[in-house]
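The values are calculated or read from the model by the stated rules, or taken from the named source; none is laboratory data. It should be emphasised that the depicted structure is a prediction, and the values quoted were computed from it without experimental measurement. No Cβ is skipped: glycine too gets one built from the backbone with ideal geometry, and neighbour counts run over all protein chains shown. Side chains included, ligands, DNA and RNA excluded: accessible areas come from the protein's heavy atoms. Shrake-Rupley method; radii C 1.70, N 1.55, O 1.52, S 1.80 Å.
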Amino acid sequence: MKKNTKTIVNLVLLALLFLAVWVIERTSSASSMLITVLKKGAIYALIAVSMNLLNGFTGLFSLGQAGFMLVGAYTYAVLTIPVAKRVAVYQMYAGGAIHFQLPWLVGILLAGAVAALFAALIGYPVLRLKSDYLAIATLGFAEIIRAIIQYEKLGPITNGSLLLKTYPTFKSTLFPFAAAAICIGIIVLLINSTYGRAFKAIRDDEIAAEAMGINLFRHKQMAFIISSFFAGVGGALLAMYQGTLQANAFKAAMTYEILLIVVIGGMGSVTGSVLASFLFIACSEWWLRFLDAEQFIGSFQVPLLRSGFRMVVFSVVIMIVVLFFRRGIMGDKEFDVEGISKWCRRKFGKGGAKA
Amino acid sequence: MSENVLHVENITMQFGGVVAINNLSMDINKGEIVALIGPNGAGKTTAFNCVTGVYEPTNGLVSFNGEVIVRNHPSGKMKKLYAGQNADKYPEKPVSHTPDQITRRGIARTFQNIRLFKSQSVFNNVLIATHLRRTSNVFTATFRLNAREEKRMREETLELLKIVGLDGLKDELATSLPYGQQRRLEIVRALATKPKLLLLDEPAAGMNPQETDELGQFICQIKDRFDLTVFLIEHHMNLVMDISDRIYVIDFGKQIAEGTPAEVQNNPAVIAAYLGVDESEEKEAGA
Ligand SMILES: Nc1ncnc2c1ncn2[C@@H]1O[C@H](COP(=O)(O)OP(=O)(O)OP(=O)(O)O)[C@@H](O)[C@H]1O
Ligand SMILES: [Mg+2]
């Protein structure tokens, strides 16, 4: 298949997806589970893809995703709360220290930029060392930044451990879809550029990559900063989705959720991460909800079902995936026109269309 | 007198107490094919690693086309441990470069244990090696503002693959190629960095006599075509004797002979090193 045709077909598929989302939104009630899953799934898709850029495409193991999301979410919220509402939000801190409001788009971009800045600061010392140190450093960063944001002395800016609210949010499901599509699109372009090829070379064989003239530190730093930028943007979108923001929600468990999505989807597959995000969110928010509620059949109480059981099932799923499906749904393949046509050719013999 | 390309002077590489290379000096001139031979564990690969920046030698100097690319003297913990010679010969500030910086200066290499990018196609393996001459930054590359450069990279890659006859296999996974072709691909990948000096670490390892012959021709062919200087480590003596202009022989990290193939072949020290002076010593050496 010609490269141009491929791009066009993929864009048409994307347009159809948007149309479908729009139709679903028009036909179902705003509080329906499907809408929730679509909104949150799109945001998680972006975050998972950003993590995949680092873990799956560059071969760097980072555990700081929740930390960078937190930084992004707070940057966005703090800078975009309307001036008039700051007195109500920063009740404990006399209206807070900031007396201006930035437009939401600027807020989102700054959310990414601040997260990227933190990544640059962490990456500078750590990325020269062996890769394992990055996991430790980013995990530490995520824990520390959460504590710092809740620190009372920073209250005039972060509102301490209290809620941030009344910042601009979105209503339409198309908004998170469009934002995620743009960001993921940029990441895909990056992955398929000469820099993306260098990232994959580093993942495959660091020593050979370096011998081919690829500056390891520079490229790792680049991947880390870009990944964190989009994690920050994802954090801002998540804040918008939730409507209120509290640092406590961004625990290490959130990073593990995203890591699970990346692994289920397939390390090194963008579409895998996207599919897995929607699947994961659908399970955790919707399909597996019943596990958390006590159920009665007649007067018989179904055993095991109680609050928290969902997490047990989840843990088992993680173990099964890690043990038996290490390559995830997609492996490192992509779910696009080319991937599908290749798959069809393999499945239905050589009779299929020749690319 | 032909001009010097690689100059290695009094290199000693010590890992803790183990002296892997001991006061080794070598010179390679433009257009030569020079072989480095020696028994297993003699320190050949380590010598390559010192030249390419993978290891920082404990003592000594390496220069490439007249520029000092590596220089070091024993310092820190190594000061006391140092078991080599010439400890005071290079008191100046150490010079070191990372492997990518050295590749950018024009030294490319292959590896003894093939190191291809295993998830990538044959084409991409070579394409990646053109990355170092990019002029785009990450922004222009992402947003495809470097279309001309990308096109040039792809054309160069295809041309290289055609020269070695791998263009028909360009979309195959690199690691799915037969062994001999993987070795060739590694050489082509190194060529894509546009080197002046090519270091080959046992390029014929695992090849049968016919493949080895073809490889020898191939090396001579690319040497002429790309105006290269070649430095190779090899165990296949036929290949070494056939194509090299000069040979360095090392054992236990020390040079034991140097000269033309004919000279080296008849050197008693070389014969002794390869055959072992007697059985018991050979066993000790192998341990
Ligand atoms: N990173 C290292 N740490 C400690 N010792 C090392 C290291 N690298 C090499 N050595 C030692 O240096 C010596 C020379 O090894 P080297 O790999 O250079 O040998 P070689 O001549 O390439 O052998 P072969 O023909 O088997 O490839 C060996 O004794 C090896 O154990
Ligand atoms: Mg070796």
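Exactly one of (1) within 16 Å of ligand 1 (Cβ to nearest atom); (2) surrounded by 17 or more Cβ atoms within 10 Å (Cβ to Cβ) is unmet by B:Leu81. Its number? Of (1) within 16 Å of ligand 1 (Cβ to nearest atom); (2) surrounded by 17 or more Cβ atoms within 10 Å (Cβ to Cβ), only one is false for B:Leu81: (2). Of all residues in the stretch B:138-159, those satisfying the criterion of being exposed (fewer than 15 other Cβ atoms within 10 Å of the Cβ) and facing chain A (nearest Cβ under 8 Å) are B:Phe143, B:Arg144. Going through the stretch A:93-124 one residue at a time, which ones are in contact (Cβ under 8 Å) with a residue 12 or more places away in the chain and more than 27 Å from A:Thr169 (Cα to Cα)? Answer for the stretch A:93-124, where residues must be in contact (Cβ under 8 Å) with a residue 12 or more places away in the chain and more than 27 Å from A:Thr169 (Cα to Cα): A:Ala120, A:Ile122, A:Gly123, A:Tyr124.
Per-residue answers, yes or no, for (1) open to solvent by 20 Å² or more (accessible area, probe 1.4 Å); (2) touching a residue at least 40 places away in the same chain (Cβ under 8 Å); (3) farther than 16 Å from B:Ala192 by Cα:
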| residue | (1), (2), (3) |
| --- | --- |
| B:Val95 | yes, no, yes |
| B:Thr110 | no, yes, no |
| B:Phe117 | no, yes, no |
| B:Val122 | no, yes, no |
| B:Ile128 | no, yes, no |
| B:Arg133 | yes, yes, no |
| B:Ser136 | no, no, yes |
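Among the residues of the stretch B:1-17, count how many are open to solvent by 40 Å² or more (accessible area, probe 1.4 Å) and either closer than 22 Å to B:Val68 by Cβ or more than 9 Å from ligand 1 (Cβ to nearest atom) (or both). If you could, list the steps in order and put the result at the bottom.
The first filter runs over the stretch B:1-17 and keeps only residues open to solvent by 40 Å² or more (accessible area, probe 1.4 Å), leaving B:1-4, B:7, B:9, B:15, B:17.
Cutting the leftovers down to either closer than 22 Å to B:Val68 by Cβ or more than 9 Å from ligand 1 (Cβ to nearest atom) (or both) gives us B:1-4, B:7, B:9, B:17.
The number of residues fulfilling the criteria is 7.
Could you please find all residues in the stretch B:39-78 being away from ligand 1 (no atom under 11 Å from the Cβ), among the hydrophobic types (A, V, I, L, M, F, W, C), over 15 Å from B:Thr98 (Cβ atoms) and in contact (Cβ under 8 Å) with a residue 60 or more places away in the chain?
Residues of the stretch B:39-78 that are away from ligand 1 (no atom under 11 Å from the Cβ), as a first pass: B:51-53, B:56-78.
Narrowing the set further to residues that are among the hydrophobic types (A, V, I, L, M, F, W, C) leaves B:51, B:61-62, B:64, B:68-70, B:78.
This time we only want the ones that are over 15 Å from B:Thr98 (Cβ atoms), so: B:61, B:68, B:78.
B:Met78 - this is the single residue of the stretch B:39-78 that is away from ligand 1 (no atom under 11 Å from the Cβ), among the hydrophobic types (A, V, I, L, M, F, W, C), over 15 Å from B:Thr98 (Cβ atoms) and in contact (Cβ under 8 Å) with a residue 60 or more places away in the chain.
In the stretch A:200-219, the qualifying residues are those that are in contact with a Leu (Cβ under 8 Å, 6 or more places away or on another chain) and either of a type in the set (Phe, Trp, Tyr) or outside any helix (DSSP H, G or I) (or both), and the one that is farthest from the other protein chains (Cβ to nearest Cβ) is A:Phe217. Please indicate, with yes or no, whether at least one residue in the stretch A:188-199 is in a loop (DSSP other than H, G, I, E, B), open to solvent by less than 50 Å² (accessible area, probe 1.4 Å) and within 14 Å of another protein chain (Cβ to nearest Cβ). The answer is yes, given that some residue of the stretch A:188-199 is in a loop (DSSP other than H, G, I, E, B), open to solvent by less than 50 Å² (accessible area, probe 1.4 Å) and within 14 Å of another protein chain (Cβ to nearest Cβ). The single condition among (1) within 16 Å of ligand 2 (Cβ to nearest atom); (2) under 19 Å from B:Leu198 (Cα atoms) that B:Pro39 does not meet is (2). Entry remark, the stretch A:270-310: residues being over 20 Å from the mean Cα position of the chain (by Cα) and of a type in the set (A, V, I, L, M, F, W, C) number 12 in total.
Out of all the residues in the stretch A:12-20, is one or more open to solvent by less than 10 Å² (accessible area, probe 1.4 Å) and out of contact with any strand residue (DSSP E or B) (no Cβ under 6 Å at 6 or more places or on another chain)? Within the stretch A:12-20, none of the residues are open to solvent by less than 10 Å² (accessible area, probe 1.4 Å) and out of contact with any strand residue (DSSP E or B) (no Cβ under 6 Å at 6 or more places or on another chain).
Does at least one position in the stretch B:62-70 carry a residue that is within 16 Å of ligand 2 (Cβ to nearest atom), closer than 24 Å to B:Glu92 by Cα and open to solvent by less than 10 Å² (accessible area, probe 1.4 Å)? Spell out how you get there, then give the answer.
Here is the first cut: in the stretch B:62-70, the ones within 16 Å of ligand 2 (Cβ to nearest atom) are none.
Checking the stretch B:62-70: not a single residue is within 16 Å of ligand 2 (Cβ to nearest atom), closer than 24 Å to B:Glu92 by Cα and open to solvent by less than 10 Å² (accessible area, probe 1.4 Å).
Among the residues of the stretch A:128-160, those that are touching a residue at least 60 places away in the same chain (Cβ under 8 Å), open to solvent by less than 60 Å² (accessible area, probe 1.4 Å) and not hydrophobic (A, V, I, L, M, F, W, C) comprise A:Ser131, A:Thr138, A:Arg146, A:Gln150, A:Gly155, A:Pro156, A:Thr158, A:Asn159, A:Gly160.
Based on what the data block shows, is B:Asp242 more than 16 Å from ligand 1 (Cβ to nearest atom), open to solvent by 80 Å² or more (accessible area, probe 1.4 Å), on the phi < 0 side of the Ramachandran plot and out of contact with any helix residue (DSSP H, G or I) (no Cβ under 7 Å at 6 or more places or on another chain)? Spelling it out, it is not the case that B:Asp242 is more than 16 Å from ligand 1 (Cβ to nearest atom), open to solvent by 80 Å² or more (accessible area, probe 1.4 Å), on the phi < 0 side of the Ramachandran plot and out of contact with any helix residue (DSSP H, G or I) (no Cβ under 7 Å at 6 or more places or on another chain).
B:Glu32 meets the conditions (1) within 17 Å of B:Gly106 (Cα to Cα); (2) surrounded by fewer than 18 Cβ atoms within 10 Å (Cβ to Cβ); (3) away from chain A (no Cβ under 14 Å) in every case but one. The failed one is (2). Within the stretch B:18-29, the residues that satisfy the criterion of being more than 10 Å from ligand 1 (Cβ to nearest atom) and either in contact (Cβ under 8 Å) with a residue 60 or more places away in the chain or buried (at least 23 other Cβ atoms within 10 Å of the Cβ) (or both) are B:Asn22, B:Asn23, B:Leu24, B:Ser25, B:Met26, B:Ile28, B:Asn29.
Taking the stretch A:155-187 as the range and being of a type in the set (A, V, I, L, M) and within 14 Å of chain B (Cβ to nearest Cβ) as the test, the residues that pass are A:Ile182, A:Ile184, A:Ile186, A:Ile187. When A:Met33 is tested against (1) open to solvent by 40 Å² or more (accessible area, probe 1.4 Å); (2) within 30 Å of A:Leu121 (Cβ to Cβ), just one condition goes unmet, and that condition is (2).
Under 22 Å from A:Met240 (Cα atoms) and of a type in the set (D, E, K, R) - does that describe any residue in the stretch A:119-128? Give the derivation first.
So the first thing to find is which residues in the stretch A:119-128 are under 22 Å from A:Met240 (Cα atoms), and the list is none.
There is no residue in the stretch A:119-128 that is under 22 Å from A:Met240 (Cα atoms) and of a type in the set (D, E, K, R).
Scanning the stretch A:323-344 for residues that are open to solvent by 70 Å² or more (accessible area, probe 1.4 Å) and either part of a helix (DSSP H, G or I) or of a type in the set (S, T, N, Q) (or both) returns A:Leu323, A:Phe324, A:Lys342, A:Trp343.
When residues in the stretch A:168-179 are screened for being surrounded by 16 or more Cβ atoms within 10 Å (Cβ to Cβ) and either out of contact with any Gly (no Cβ under 8 Å at 6 or more places or on another chain) or over 30 Å from A:Leu38 (Cβ atoms) (or both), 7 of them pass.
Residue-by-condition table, conditions (1) farther than 30 Å from B:Phe64 by Cα; (2) β-branched (Val, Ile, Thr); (3) modelled with pLDDT under 95:
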site	(1), (2), (3)
B:Asn86	no, no, yes
B:Asp100	no, no, no
B:Gly106	no, no, no
B:Leu127	no, no, no
B:Thr142	yes, yes, yes
